[in-house]
Amino acid sequence: MAIRHFDVAVLGGGAAGCPVAWFLARAGLRVCVVEPGVAGGGGASSMTGGIVRAYDPDPALMQLSLRGVSLFAEWERHGLPGPSPLKRTGFHYLVAPENIEAAAAGAQWLEEKGYPVMRRLPASCLQELPFLRPDHPAPLALHEPMGGHGNARLTCQQLVRSLVDMGGTVLENAGSDIRLERAPHGWNIVLPHGTLRASIAVVAAGQATRDYLPQLPVFVRSIPLVRMQGATVTPLVDECNQTYFVPAGDGTFFCGSKCNTDLPHAAPVTDLPAVSRAMVEDARMRAAGVLHAGISPQPLGAIAGYDLYSANLRPQIGFAAEGLFTLAAFSGRGFKYCLAAGEAAANLVCEALGRTAPYAHACSLDAVAPQSCQPELEHA
Ligand SMILES: Cc1cc2nc3c(=O)[nH]c(=O)nc-3n(C[C@H](O)[C@H](O)[C@H](O)COP(=O)(O)OP(=O)(O)OC[C@H]3O[C@@H](n4cnc5c(N)ncnc54)[C@H](O)[C@@H]3O)c2cc1C
């Protein structure tokens, strides 16, 4: 029987893979998503708190994030499918004293692009943030009214459902025994019970990207996230207490801990330490540093989150070898720019297939191009 041929096969149905697959299908390409489990249900995308914001201390990420917020916040206008998975609650970034100049410059850049950012003193934010300690030490708070928090699972599911409606193929529950082999004019994607062929393979497999591209300079870092009860919050990042809050329902919120562990290069994620009492206590202390004295945050549970990182914390997006594109190392900040990355990546993939880049407003990916590396052709 003839092997089914696609223009593009996307390996991985997380926040990196689903947007690029959708933007490619929308541009008229024959696309297949291959996912071991369920789109949005595996890896970091199943664990994220999902803060969506434009300000980022790294200018390259700020550019991607700005486009990312615009796509999330103006979802219908951009023709994205279904209701927006973003809750536009607003977002606050509490700046540490040593970063005040960089933050002010970043806010100015965003304002020049027409994106509203208010520069305020934390004490003047107490009406929107009644849970905040009035004597918070940050000298500056950046308030983004268009920011908020989104649901990564829903985002992935809406995109793959729409991709199928556009004639694309989604192979969920494909199992983790997925091999990539060079084929004439492209790649064979060898599954336990069948083989597909694609002109271009896009590897967006989260931590498993290391198996396909072992030379990609990336590593896995744990990101514990602790669910607290005690306050109804809006999303924030606090540089002074080195933490972040994401709303998790009435009277509860997620709080980031700084007890991170980096895995040795090829170690499996099962080697990451389980959530410990020390991690939970670390998050509780950080939360207490943000909240006013009348609130005593109590841990309710924890997520042993992890994600793929590069040394400069930037994602690795681009062709890693001929016909082999990767969207990897999205780090603990990847959800906010996943749509922008997918849109821009779709342009590069279309051009490689001899087509015109379809998305005129997409970002440049020059600052996040991956180092060229040899793929592992027989990944199992
Ligand atoms: C606890 C936590 C909190 C976070 N909070 C935020 C936040 O507030 N804001 C923000 O912007 N970002 C946040 N992030 C980061 C964000 O969630 C990630 O950057 C993003 O989800 C990464 O998406 P991904 O598709 O690259 O990887 P993943 O989500 O890991 O997806 C990879 C996919 O590949 C599949 N796969 C596995 N093996 C294979 C294989 N062999 N072949 C093919 N596919 C395979 C997996 O099943 C999975 O579906 C957070 C992350 C964590 C862990």
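Structure values in brief
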{"read-out": "Pick from the stretch 162-193, criterion away from the ligand (no atom under 13 Å from the Cβ) and among the polar types (S, T, N, Q), ranking: nearest to the chain's Cα centre (by Cα)", "value": "S162"}
{"read-out": "Subset tally (residues that are within 21 Å of Q215 (Cβ to Cβ), more than 16 Å from the ligand (Cβ to nearest atom) and modelled with pLDDT of 95 or more) for the stretch 320-348", "value": "2"}
{"read-out": "Within the stretch 319-356, considering residues that are under 17 Å from the mean Cα position of the chain (by Cα) and among the charged types (D, E, K, R), the one surrounded by the most Cβ atoms within 10 Å (Cβ to Cβ)", "value": "K336"}
{"read-out": "Residues of the stretch 194-224 that turn out to be farther than 12 Å from Q316 by Cβ and of a type in the set (K, R), as a count", "value": "2"}
{"read-out": "Entirely in the stretch 89-181, the strands (runs of 3 or more DSSP E) that have 3 or more residues that are in contact with a helix residue (DSSP H, G or I) (Cβ under 8 Å, 6 or more places away or on another chain) and of a type outside the set (V, I, T)", "value": "91-95, 140-144"}
{"read-out": "Test result for S70, crowded, with 21+ Cβ neighbours inside 10 Å, under 25 Å from the mean Cα position of the chain (by Cα) and under 23 Å from L365 (Cβ atoms)", "value": "no"}
{"read-out": "Qualifying positions in the stretch 290-310 - in contact with a helix residue (DSSP H, G or I) (Cβ under 8 Å, 6 or more places away or on another chain) and either of a type in the set (F, W, Y) or part of a helix (DSSP H, G or I) (or both)", "value": "Y306, Y309"}
{"read-out": "Some residue of the stretch 273-289 being part of a loop (DSSP other than H, G, I, E, B), among the acidic types (D, E) and surrounded by fewer than 20 Cβ atoms within 10 Å (Cβ to Cβ)", "value": "no"}
{"read-out": "Which numbered condition L11 fails, given (1) in contact with an Asp or Glu (Cβ under 6 Å, 6 or more places away or on another chain); (2) buried (at least 21 other Cβ atoms within 10 Å of the Cβ); (3) farther than 30 Å from R119 by Cβ", "value": "(1)"}
{"read-out": "Residue in the stretch 311-319 that is away from the ligand (no atom under 16 Å from the Cβ) and assigned to a helix (DSSP H, G or I) present", "value": "no"}
{"read-out": "Among the candidates A2, A25, A21, A9, residue that is among the hydrophobic types (A, V, I, L, M, F, W, C), farther than 30 Å from G301 by Cα and modelled with pLDDT under 95", "value": "A2"}
{"read-out": "Enumeration of residues in the stretch 140-161 that are more than 20 Å from the chain's Cα centre (by Cα) and surrounded by 16 or more Cβ atoms within 10 Å (Cβ to Cβ)", "value": "L140, A141, L142, H143"}
{"read-out": "Condition broken by V275, with the remaining ones in (1) modelled with pLDDT under 95; (2) under 30 Å from E101 (Cα atoms) satisfied", "value": "(2)"}
{"read-out": "Candidate set: the stretch 222-259, residues that are farther than 18 Å from G289 by Cβ and surrounded by fewer than 18 Cβ atoms within 10 Å (Cβ to Cβ); chosen: the one nearest to the ligand (Cβ to nearest atom)", "value": "G249"}
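The values are calculated or read from the model by the stated rules, or taken from the named source; none is laboratory data. These figures come from a predicted structure and were not determined experimentally. Positions of Cβ are backbone-derived with ideal geometry, glycine not excepted, and every protein chain shown enters the neighbour counts.
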